[in-house]
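Here, each number is a calculation from the coordinates, and none is a lab measurement. What you see is a predicted model; the values in this text were computed from it and never measured. All Cβ positions, even for glycine, are placed from backbone atoms using ideal geometry, and neighbour counts span all protein chains on display.
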Amino acid sequence: MEIKARKRYVRISSKKLKKVADFLKGKDVEEAMKALPFLPQRGAKIIHKTLKSAVSNALNLEGFDFDEENLYIKHILVDKGPILHRYRAGALGRAKRIRHRLSHLTIILDEKSSK
């Protein structure tokens with residue numbers, strides 16, 4: 001049974017968010033929760049909050065009894081979102097375009113199979 005948590009329209013580019021996401025793929029939830037507060041990237045805080053939400057979703061899911069120690073990060077998907085266009089004054093009376101890139105984050109957790 002997979003558990004999802006989504007955070008959409010995050011005000012950070014997907015390239016910056018993917019650096020942290022690639023570091024966490026396949027790790028245990030406990031290990032990831034301990035490592036995220038010490039990462040210097042801004043995206044680590046966003047992923048940490050979304051990961052906490054996914055764990056909460058797993059623990060509060062009715063009819064299933066998940067243990068936080070058995071959960072691991074199956075997938076972290078970082079997709080491009082829309083781009084906000086802003087303009088700023090440039091040289092010689094021109095306007096320079098500023099592009100604020102947004103992204104969508106999806107974390108999928110799964111339970112380790114007991115062998």
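What pairs come out if I take residues in the stretch 49-62 that are free of Cβ contacts under 8 Å to residues at least 40 places away in the same chain and over 13 Å from Lys4 (Cβ atoms) and pair them with residues that are surrounded by 15 or more Cβ atoms within 10 Å (Cβ to Cβ) and hydrophobic (A, V, I, L, M, F, W, C) whose C-beta lies under 8 Å away, six or more apart or interchain? Listed by first residue and then by second, the contacts come to Lys52/Met33; Leu59/Phe66. Please enumerate the residues belonging to the stretch 74-93 that are over 30 Å from Met1 (Cβ atoms) and either aliphatic (A, V, I, L, M) or touching a residue at least 12 places away in the same chain (Cβ under 8 Å) (or both). Within the stretch 74-93, Pro82, Ile83, Leu84, His85, Arg86, Ala89, Ala91, Leu92 qualify.
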